[in-house]
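Novice: Structure provided below as structure tokens; questions to follow.
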2 protein chains.
Amino acid sequence: MKAEIITIGDEILIGQIVDTNSAWIGQQLNDVGIFVHQITSISDNKEHIKKALKEASARANVVLITGGLGPTKDDITKHTLAEYFNTSLVFNAEAFAIVEQLFKSRGREVSEINRQQAEVLANCKVLINQVGTASGMWVEDNGVIYVSMPGVPYEMKHLMTNKVIPKLVALGGSQFILHKTILTQGVGESYLAEMIADFEDELPPNFKLAYLPSPGSVRLRLTASGDEISVTNKMNELVATLSNQIQSYIYGYDDDKLEQVVGNLLNKKGYKIATAESCTGGYIAHMLTSVAGSSSYYMGSTVTYSYASKSDLLGVPADVILKQGAVSEEVVLAMVEGVKKLYKTECAIATSGVAGPGGGTPEKPVGTVWVAISTPKGTFAKKLSLGENRLRIIQVAGLNALNMLRRELI
Amino acid sequence: MKAEIITIGDEILIGQIVDTNSAWIGQQLNDVGIFVHQITSISDNKEHIKKALKEASARANVVLITGGLGPTKDDITKHTLAEYFNTSLVFNAEAFAIVEQLFKSRGREVSEINRQQAEVLANCKVLINQVGTASGMWVEDNGVIYVSMPGVPYEMKHLMTNKVIPKLVALGGSQFILHKTILTQGVGESYLAEMIADFEDELPPNFKLAYLPSPGSVRLRLTASGDEISVTNKMNELVATLSNQIQSYIYGYDDDKLEQVVGNLLNKKGYKIATAESCTGGYIAHMLTSVAGSSSYYMGSTVTYSYASKSDLLGVPADVILKQGAVSEEVVLAMVEGVKKLYKTECAIATSGVAGPGGGTPEKPVGTVWVAISTPKGTFAKKLSLGENRLRIIQVAGLNALNMLRRELI
């Protein structure tokens, strides 16, 4: 089974909304072994829609369509589908009952325009939408399955989960696909590629490796299809081999988040943590506290953007700041010790750097960031060079700091 | 000029990442009067890429391609383009100089794999990428412009903004389109719609109004096309009318950011600011310090996640916390006064709330957030109810707090 997605709506093409539906659908289909071959976003235009339908049905045997089912004049998907299939629209009592019920629950009258929402393609199986006024429609035509759904994510997801995916799975014929993602930090894409060149060369032909870089992190994704048992066994073996080769860079797998991984380690050890942030300006605190339950190990942060606050609040000796500069090993080490005392914790992270765009010098250019880590094992500092983009410097420094701490905790 | 976007990468089709590049490109092109006709997302597959290129070039005369330019084996866009154009790849010294410089600034060696990053299509104009290792490539072939760019959003945006859009605009032939976006905070979409219903009804036919809601904020976008002078005059008139009607909710226009607006106001008044954050956990500090130059007015933050740190560091009387609870008007007012003293500032923001998912009670359910604002005009606190999603609570509380401060400063 090979699927394509067509999303209809001018708002996507002019960038007014980001199409998040397609990624969600892709994920869900993948989970049941159906591969999405292409995603096409087109305008609310009759000829364009018909052309896209024709092209997609030549490439795939399942075509999922979202959007253009609303009650207003710019919603033309239903009428266009009727033309495409050379059929008509018919009133559906069951769909209308849902529309009536929805309006009643909101204390509103059903207008003529809403009555038309209950009209469906004469050649379709109606997929009743329990959470909105536009029904889904399932059409089988010339060996291709077409499914039309509303573009509202909440309604589309309801129909996909409860109607479309079960029907597709029941038809069988879907292939077993397995993904495993390995999450790394602290190593560039090209270095990683060199390190695992032999591994990549020796991958079985039904396994694919992809590099997914983002600021400060590279995800490695292994994908395989075939017989469930043999693919699963081989995948486990390959992930173990790969993990072994690049162990020190791996912070997690699949949907893990670094801040969650660090939180789990702190919880497990019974350690509490505080942060002292200069250039990262609260970003590390924000990452750590975005995790539910972080209040059990996260005590707080002192963001010290001024020289005075570094001395007054964290006890960094003023003469050290004067002599070495705020962006220095000495200062960041004093900050990490100071914040541990202040919040009475076993662990701490401190940062001091030049986030730019101003403030750089030849010795300490923009992107220079000192990070200090303290755990019961000891305290150390490391200098990073992180390019010139302010927000990127903050984010990558944050990821590096959390990963440095993670390595100390394991 | 009619454009199409092709995004290349299996990670999009399996839903591992959401394609945000296309929406951004659509928006940017629209701003300069170029309409995106179709967006197509395809896999890292040679035949698929070639087919998509052929189809797109039959429908449009500008084809923008993102993705597949990385240094690793799964990145096949460059070689596929060479086949498609029946040309070869050649080493480009200027591109290599950038690669070398980037690696040098990060203190790393250039490997063979990185050297290959400097190979470009023999028939292209190289678009030098100042912020990454993969160059952009501009090819004109059979009356169609093809532009290949990296998929990393940061690099793609750099190339689009500095190279591609100026080149496209210079070619002319685009229609005059004018957008004006009005940024609001603290009012819901439907309330806004009711308030400006008459304004919307009376819009001239060549003006369109769009509501773009995001957590804690609604952007209103007016779009018009036509004769440059008359459209510009009418736009100014309409924006003035609209601004007048909803003035108290507007914090800026177009690309303004609330944290930047607040920073400008602080700079103008010569005030310094500090923050004391409990439930927002450093997010407000992060927002304020993401602004370049914020060190001139931002002194620091004390993130107090524990009861003890609220008393010890901010001087909130322990009996007040015990009696009123940490999430209370009394505590947040004591926090804001405490942090002002600590960092010796004229202004401060303090937050204390229940970000959830745990910790809610019938009196103080998840989403209850107290925000205190202090300026030389005075100090006050306000209670917000922000739903149940942890990250959304943090973000919306942060936006509300900054906007409360903004209103006090103007």
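Novice: To make sure I understand the rule: partners must be lysines, Cα under 19 Å from the Cα of A:LYS234, and not fewer than 8 residues away in the same chain. Which ones qualify?
Specialist: A:LYS180, A:LYS208
Novice: Then there is this: Along the charge dipole of the stretch B:197-284, Cβ charges K/R +1 and D/E -1, which of B:PRO215, B:SER225, B:PRO204 sits furthest on the positive end?
Specialist: Going by the charge dipole, the pick is B:PRO215.
Novice: Give me the tail of P(r) for the stretch B:258-409 as a percent: Cα-Cα pairs with distance above 25 Å.
Specialist: In whole percent, the share of Cα-Cα pairs in the stretch B:258-409 beyond 25 Å is 21.
Novice: A further question follows. When the Debye formula is applied to the Cα atoms of the stretch B:221-282, each taken as the same point scatterer, what base-10 log of I(q)/I(0) results at q = 0.12, 0.26, 0.27 Å⁻¹?
Specialist: Evaluating at q = 0.12, 0.26, 0.27 Å⁻¹ gives log10 I(q)/I(0) of -0.52, -1.13, -1.15.
Novice: Kindly give Rg over Rh for the stretch A:321-392, based on alpha-carbon atoms, with the Kirkwood expression for the hydrodynamic radius.
Specialist: Rounded to two decimals, Rg/Rh equals 1.02.
Novice: On to the next question. Where does the protein assembly as shown land on Rg(C-alpha)/(2.2 N^0.38 Å)?
Specialist: After normalising by residue count via 2.2 N^0.38 Å, the value is 0.99.
Novice: Mind listing P(r) for the stretch A:177-253? All alpha-carbon pairs, 5 Å bins, whole percents.
Specialist: 3, 15, 30, 26, 15, 8, 2, 0
Novice: To continue, here is another question. Where the label is 7 Å out from Cα toward Cβ, how close does A:ILE17 come to the same position in every other copy, in nm, shortest first?
Specialist: Computed spacing set for this position: 2.3 nm.
Novice: Using Cα-Cα distances under 8 Å and only pairs 6 or more residues apart, what relative contact order does the stretch A:177-253 have, in percent?
Specialist: 47 percent
Novice: What is the list of residues in the stretch A:69-94 whose amide nitrogen lies under 20 Å from a point 7 angstrom out from the Cα of A:ILE128, following Cα to Cβ?
Specialist: Once the point is set 7 Å along Cα→Cβ of A:ILE128, A:90-94 turn out to lie under 20 Å by backbone N, inside the stretch A:69-94.
Novice: Oh, and also: With the contact rule set at Cα under 8 Å and sequence spacing of 6 or more, what percent relative contact order holds for chain B?
Specialist: 10 percent
Novice: In peptide B:3-13, how many Cβ atoms from other protein chains are near each Cβ within 10 Å, on average?
Specialist: Mean inter-chain Cβ contacts per residue within 10 Å come to 4.
Novice: Right, something else. Copy-to-copy spacing for A:VAL187, label 7 Å out on the Cα-to-C-beta vector, in nm, shortest first?
Specialist: A:VAL187 label point versus its equivalents elsewhere: 5.4 nm.
Novice: Nearest 10 degrees is fine. How inclined is helix A:258-269 to the longest principal axis of chain A, computing both from alpha carbons?
Specialist: 60 degrees
Novice: Direction-averaged shadow area of the convex hull around the Cα atoms of chain A, nm²?
Specialist: Its average projected convex-hull area is 26.0 nm².
Novice: Compute the Kirkwood hydrodynamic radius of the stretch B:2-170, taking the inverse of the mean of 1/r over all pairs of distinct Cα atoms, and give it in Å to one decimal.
Specialist: Final number for the Kirkwood radius of the stretch B:2-170 is 16.0 Å.
Novice: Further question: Given R₀ = 25 Å, what would the calculated FRET efficiency be for B:PHE91 paired with A:VAL187, taking r from the Cβ atoms and rounding to 0.05?
Specialist: According to the calculation, E is roughly 0.45.
Novice: Taking the highest mean first, how do the peptides A:313-319, B:278-284, B:63-69, A:213-219 order by number of other beta carbon atoms within 10 angstrom per residue?
Specialist: Per-residue mean Cβ counts within 10 Å order the peptides as B:278-284, B:63-69, A:213-219, A:313-319.
Novice: Same structure again: Give the cross-link partners of A:LYS340 among the lysines, using a straight C-alpha distance below 16 Å as the criterion and excluding same-chain residues fewer than 8 apart.
Specialist: A:LYS272, A:LYS310, A:LYS377, B:LYS310
Novice: A further question on this structure: Report Rg (one decimal) and Dmax (nearest whole number) for the stretch B:118-240, counting Cα atoms only, units Å.
Specialist: Cα radius of gyration and Dmax of the stretch B:118-240 are 19.9, 58 Å respectively.
Novice: Restricting the count to DSSP beta bridges whose residues both fall in the protein assembly as shown, what percent are antiparallel, rounded to a multiple of 5?
Specialist: 65 percent
Novice: Let me ask something additional. Roughly how far apart, in whole Å, are the Cα centres of the stretch B:361-384 and the stretch A:246-318?
Specialist: The stretch B:361-384 and the stretch A:246-318 have Cα centres separated by 25 Å.
Novice: Grab the DSSP H runs of the protein assembly as shown that are 4 residues or longer, score each as -39,500 (n - 2.57), total them, divide by all residues and round the 222 nm result to the nearest 500 deg cm²/dmol.
Specialist: Theoretical 222 nm ellipticity from helices: -12000 deg cm²/dmol.
Novice: Within a Cβ distance under 11 Å of A:LEU409, other residues only, what is the Lys/Arg minus Asp/Glu net charge?
Specialist: Result for the neighbourhood of A:LEU409: +3.
Novice: Please compute the net charge surrounding A:VAL32, taking Lys and Arg as +1 and Asp and Glu as -1 over other residues with Cβ under 14 Å from its Cβ.
Specialist: +1
Novice: In the P(r) worked out for the stretch A:156-212, what percent of Cα pairs fall beyond 13 Å?
Specialist: The answer is 74 percent, as a whole percent.
Novice: Please determine, in degrees from 0 to 90 and to the nearest 10, the orientation of helix A:329-343 with respect to the longest principal axis defined by the Cα atoms of chain A, where the helix direction is its Cα long axis.
Specialist: The angle comes out at about 80 degrees.
Novice: Okay, next question. Once the Cβ-Cβ distance between B:THR161 and B:LYS323 is put in as r, and R0 is 51 Å, what FRET efficiency do you end up with, to the nearest 0.05?
Specialist: For B:THR161 and B:LYS323, the calculated efficiency is 0.40.
Novice: Taking the label point as lying 7 angstrom from Cα along the Cα-to-Cβ axis, what are the distances from A:ASN267 to the corresponding position in the remaining copies, in ascending order and in nanometres?
Specialist: Output for A:ASN267: 4.3 nm, nearest copy listed first.
Novice: On average, how many beta carbons from a partner chain sit within 10 Å of the beta carbon of a residue in B:349-360?
Specialist: 1
Novice: Can you figure out the FRET efficiency of B:LYS104 with A:GLU112, using R₀ = 60 Å and their beta-carbon distance, to the nearest 0.05?
Specialist: The calculated FRET efficiency here is 0.30.
Novice: For the pair A:LEU391/A:GLN247, report the inter-label distance in nm, with labels modelled 7 Å from Cα in the Cβ direction.
Specialist: Those two pseudo-labels are separated by 3.8 nm.
Novice: Angle, helix B:93-105 long axis vs. longest principal axis of chain B, Cα atoms, 0 to 90°, nearest 10?
Specialist: Value to nearest ten degrees: 30.
Novice: So, one more: DSSP loop (so not H, G, I, E, B), at most 13 other Cβ within 10 Å: list which trypsin sites (Lys or Arg not before Pro) in the stretch B:305-392 pass both filters.
Specialist: For trypsin sites (Lys or Arg not before Pro) across the stretch B:305-392 that sit outside H, G, I, E and B with at most 13 neighbouring Cβ atoms in 10 Å, the list reads B:LYS344, B:LYS377.
Novice: Still on this structure: So how far, in whole Å, is the C-alpha centre of the stretch B:158-199 from the one of the stretch A:12-67?
Specialist: 26 Å
Novice: Ok, one more. What nm distance separates the two modelled labels at A:SER296 and B:GLU200, each placed 7 Å from Cα along Cα→Cβ?
Specialist: Modelled inter-label distance: 4.6 nm.
Novice: Under a Cβ-Cβ cut-off of 11 Å, what is the net charge of the residues other than A:GLU55 that fall near it, where Lys and Arg count +1 and Asp and Glu count -1?
Specialist: Neighbourhood net charge equals +4.
Just so you know, all these numbers are worked out from the coordinates, no wet-lab data involved. Everything numeric here is computed off the predicted structure, so don't read it as measured data. Methodologically, a virtual Cβ is constructed for each residue, glycine included, from the backbone with ideal geometry; neighbour enumeration extends over all protein chains shown.
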